[in-house]
Every structure is written in C-alpha cells, then in structure tokens.
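Rule-based calculations on the coordinates, nothing more; no lab input. This structure is a prediction, so every number in the text was calculated from the model and none was measured. Neighbour counts are summed over all protein chains in view; Cβ atoms, including those assigned to glycine, are modelled from backbone coordinates with ideal geometry.
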Amino acid sequence: MHFSHQTLGQRVRFATGSAPQAVREEVEQLGASRVMLIASARESAGAGPIADELPVVLRYDEVVMHVPVAVAERARAAAVAYDVDVIVSVGGGSTVGLAKAVALTSGLPIVAVPTTYAGSEATDVWGLTENGVKTTGTDARVLPRAVVYDAALTLSLPLDLSVASGLNALAHCVDALWAPRADPINAATAAEGIRALADGLPQIVQDPQALPGREQTLYGAYLSAVAFASAGSGLHHKICHVLGGKYDLPHAPTHAVVLPHVLALNAPAAPQAAERIARALGSSTALDGLLDLRRRLAAPQALSEYGFTEDQIPAAVEAVLAVVPASNPAPVTAAVLQQLLHDAWEGHEPSPPDDQRTREETLMRRVLASFEETPDPRLRQLMYSLVRHAHGFLRDVRLTEPEWKQGIDFLTAVGHLTDERRQEFILLSDTLGVSMQTITINQVAAPTATEATVFGPFFVEDSPRIDLGGDAAGGAPGRPCWVEGSVTGTDGQPVPGARIEVWEADEDGLYDVQYDDGRTSARAHLFSDAEGGFRFWAITPTPYPIPHDGPVGEMLAATGRSPMRASHLHFMVSAEGRHTLVTHIFVKGDELLRTDSVFGVKESLVKDFHEQPAGTPTPDGRDPGGAWSRVRFDIVLAPETDR
Ligand code: BEZ
Ligand code: FE
C-alpha cells in the first residue's frame, strides 16, 4: 500500500445543547480574551447565549453570501480596530466564510459554530468575490482551530434547506471517492459520512424538531467536509461549479439534482466505490440507494425548475469538458455530458451508463443481424422493425424480469383461450387499437369512399339470404329497425348486385354465436337492386361489452377501462371491381361513442336512428308490433386496388 494523506489540525467537539460552555472552553484553551463574534442578524438568537459566556469586544453581523471583498475589508478593519484575538463565528457557510477572510490576512484563530450542514468549518478553503468573480484558495490560517457542533442550533434551519444542504454534504462524500486525491482514509471517512447522512436526513424529514436526525446529519456533514477537503473536487463538483458560476443556479439544489447522474456514470467504472456507497446506503446498488433516498426526501430532480434551459446545455458541456478531473473513473466525452445534463435538466432518472448502453445496443444489433439473410425483403423489413421496436420498448421501460414473466403468462393465457369460437388475440389487438390502426393505415386513398372500421370476431360465413325488404333480425329480441340506403362507387355510379352482409348483437348484448342453442339470428345477407338501393329490417343496435371474461378483460379492468362497445350494426359490402368495405354504423347520441373499447367509431359512420312511436306506418306496411326506428346509410365503395 502506498499513499500519503494530509490531515488538518483542528479540535472538533460534538456538544448537543451545550455550545455556550464548549465555545467558552475552546476560547480559554486558545488563551484568548478579546472575542470578535460574527453572526448574521438571522443567527442572533442562537448566538446570544454563546456571546453571554464570552469576553466579546465586537459583535459583527454584516454577513453577505460569497463574501464580497469590500465586506471582508470592513470586517478586517473592525478586527484591527477592536484589537481582537479570536474570531467566533456562529452561522452557515457565509458566516464562517467571512471569519476565514479575516483570518486569511490577520492569522487570527477561529472557533466555528456551524448552524447548517455546509461543512466549510472543516476545510482550509477560502473564497472571496469581486465584480461577480469568485476567487478561492487554500491556506492553513483559515482552518478554524476548533469547531463546536451543537445540533440544537440547526433546529431552526428550514426543512427544504436542511435537505438541500444535507444532500450537498452527501455529494461531497460520493465525489470524494473518485476525486483527484482520493485515498483509503478519506474513502473511509466519506463512507461513514454517507451512512450518517442517509440515516439522519430521513429523520429530519419525518420530524424536523427531533435532535437525533439533526445530530446524525451534522456528524455526516462534518465527515463529508473532511473527506472533500482531503480528496479534492471530483466530476460532480466541477459540473455544479460550472452550473452555479455560469448560470447562477442555486448551490444546494443543483447538487441534489446532478449527483445521481454522476453516480450512474461512474458506478460501473468504479465498482469498489459503488459497492461502498451501496453498503453505506444499505441498498443493493449505489444508484438505487441514492434514488430511493432522493425520493424519500422529496428532493429536487430537475435543473429546469431552477431556470436552466435546454439551449444552455451545449455551452455547459463545453465548460465542464475543460475541467474534467483526470481521476474520473468513467471516460467523459461531450456526448456523455450532453446526455447527463439533458437528463438532469429534464428531471429524468439517469440514463444507463455508457457501457451498459453499449451492451444493450450490441445485443439488439446481433438480433437484427440474424435476420440479414431473410430472402423475402418484406419479411426482412418486418423483422427488423419488430426487433427495433420491441427492444426499444424493453429499454425504454427498463423491463424487470418479473414483468417479462407476467407478459409471457398473459400471452399464454390469451393463447389458451383462443380457438375457432373465441379469438382472444384479435380482442387484444382490438383493445390496444392495433386493429383500428391497421385499418387506418390501409384505408384506401379515396376520400369520398365510406370509411372502414373493425371487423370484430362475430362474423359468420353463410349467413341466411334475405330479399330486399326482408328481415335480418331472425327472431332476435330488440326493437325493429328499418335500414335503407344505396351503394354507389366513388365515380357516383350505382352499384347493383353488391353483396351486403349485416350482423349485430341482440338487445341483451349477445350475438347468435354466443347462444347455447346454435340458432342463427341478427345476421343475413342481401343484394342491392338495379339502382344500387337496399332495404331491410333489423333491430335497433344497443351497447354491449366485448367478451371480458378472459385475460383481455383482466387487462381492461387493471387499467380502469370499460369493455363496452358503442351501439352499432355491422356491414360488409363487396362488389365486382370494388374494394370490399368492412364497417359499422353507430347510433347518434350514444354516450359510448367517445369511449368505444376498440376505438372503432368514426364520425362519418355515426347515423341518425329516427325513433318511430308505436302506430307509425312502416314503409312496407309491416306491423312491427310497437315502436320502431329507421336509419339511412348510403355506402360509397372505392375501386379495387392492387393491395
Ligand atoms: C364487434 O363489434 O363485434 C367486436 C369488435 C371488436 C372486438 C369485439 C367485438
Ligand atoms: Fe359488434
């Protein structure tokens, strides 16, 4: 084993509820007697009891984010004017930042009392801004000599800030595992930091006022700062630095959003680090553990929420590329960063890492290649596209093995139910809109022709022939309906002798093939007359459910869909030299028109079924025995095509 590790000299005290005494002891230990107490106005409540125990000669509250040089200069002058011999800072990163700025030029010792999880008290890093430009550096003089951690002082930190800054600390730990000076000591520190933060943060979310969660988080935050100070900035911090500096994105949420993406990228290339993170998070993989934690904390997920825009991604990629640490375990290319920032911008869960993506693509290509020699070019095209889409689906949803098994079981059940009488596969195709899509694709390009719709499973060959004006109902229960119309071509010419097949469900929602006794009813065929006209009696269509006692029914139920079809009467019309038309007519006003379970409704097929009260004379003088209805359907057939 060969490595060298620099430790920083600092006394650290955890003293929940007793910061005032602990700080007094630290100040005494330093032999100091003239205290400059830095605390912003917001921190004055927590700072009061501490000040009460100390020989304070100067209370200073001009604390500004990022420590502007002018602010630092004023504080330095005040420290000189009051001849202070120690600085006590009570506050977050900006407060200790100001103390460090004073120490940088004066060498005064600092006793830091953090009230957030920023961790800056445990590093020798200073930062100053001038004209919007931030300068940072390291200097032994700015490292606080002592830190007093009192979790009670963090109770007032709002929940969202607690979570964001806790995740920021977590990012320090994770990034420390592959930062430029990563070594076994800071790795051990980082792993313990991850464990403590993953333990503490959910407790804070559950009860922001409970001390144990605050203590664990504060402890984790300290460890994270120590690990980070020792290991240096990894890829994650470089990315966040660019985003914060160039686009003014807020520090802590940016960390929370970006970290899982960097972890997803690096984990496969740094298996030991990943294993360590997973163990510290108590999860099977590092990424799962982090995503789960992020969900439990309801932490930010998308940079878009913080004003970062998609068109800023390319320039951000360039800026990050220039500062990628050589120590990063996974290769970082522009394409990798583009994907990473895009996912982070959109709030997607991280894309699979590069080599995972490569494995998946390689497999798909091998499958495609296996169809290369298919002699029939159309079959080859179909297989290629099927493989591409099927693999695309699997990769898109990240299909799990149990889900795969469930899918296979489902299709097996569909197959088992299918025989000459029951076609569950077609039902599946229908309910997924696959049948209707196929019909839509194949709709002949004849805008004036009558539109087609689904065939359905209930057509039967050799239906009874009826004459014009005959009765297709065949005794099926239902209100009689007079159907009349014409068959013409798209050329406007009448089509005599067209074969018109009609079939429908009875008013109980059953087709004759669903009866037990084998009788035939509510289906027939007839031929158009010399002028292309037709007329016949049928029954007024009523709604009915598609068969839903099988796996397709289960699918509909599981997805909250109804099996009901809008009321309809089926037609199949064929004639010499014409494209055969398979269609239905629907009943205007039916509430189910919009939710038809097989997506069969087309506006042009919705017809007025005029209600006729009992006693209204019928066109052919028949007595329908009560109320009846009538409808007109003029059919236009397209010419036959080669298809
Ligand atoms: C039908 O209208 O007969 C039907 C269409 C698709 C699925 C089930 C039934
Ligand atoms: Fe039907």
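Annotations for the structure displayed:
- Global form of the chain, assessed from the alpha-carbon gyration tensor, a/c cut-off 1.5: prolate
- Tensor-based shape of region 190-257 (alpha-carbon gyration tensor, a/c under 1.5 rounded, otherwise prolate or oblate): oblate
- Candidate cross-link partners of Lys588 among the lysines, defined by an alpha-carbon separation under 29 Å and a same-chain spacing of 8 or more, comprise Lys602, Lys607.
- DSSP beta bridges fully contained in the chain are about 50 percent antiparallel.
- The shape of region 499-542 comes out prolate: with a ≥ b ≥ c from the C-alpha gyration tensor, a/c is at least 1.5 and a/b beats b/c.
- Residues His255, His261, His2 in ascending order of nearby Cβ atoms (within 10 Å, fewest first): His2, His261, His255.
- Nearest 10 degrees, 0 to 90: helix 19-29 Cα axis against the chain principal axis: 40 degrees
- Using the Karplus relation 6.51 cos²θ - 1.76 cosθ + 1.60 with θ = phi - 60°, the per-residue 3J(HN,Hα) values for region 501-507 come to 9, 10, 7, 6, 8, 7, 6 Hz, with x marking Gly and Pro.
- Taking other C-beta atoms within 10 Å as the exposure proxy, Glu318, Glu501, Glu507 rank Glu318, Glu507, Glu501 from fewest upward.
- Chymotrypsin sites (Phe, Trp or Tyr not before Pro) lying in DSSP loop within region 1-102, provided at most 16 other Cβ fall within 10 Å: Phe3, Tyr82
- Taken about its Cα centre, region 230-295 carries a charge dipole of roughly 60 debye when the Cβ of each Lys and Arg holds +1 and the Cβ of each Asp and Glu holds -1.
- Highest average packing first - 110-117, 192-199, 526-533, 514-521, Cβ atoms within 10 Å: 110-117, 192-199, 526-533, 514-521
- Counting only residues at least eight positions apart within a chain, or on another chain, the lysines with an alpha carbon under 27 Å from that of Lys134 are Lys100, Lys238, Lys246.
- Each residue in His172, His568, His525 was given a count of other beta-carbon atoms within 10 angstrom of its own, and listing them fewest first yields His525, His568, His172.
- Degrees, to the nearest 10: 235-247 long Cα axis against longest axis of the chain: 90 degrees
- The charge dipole of region 507-643, taken about its Cα centre with unit charges on the Cβ atoms of Lys, Arg (+1), Asp and Glu (-1) only, comes to about 280 debye.
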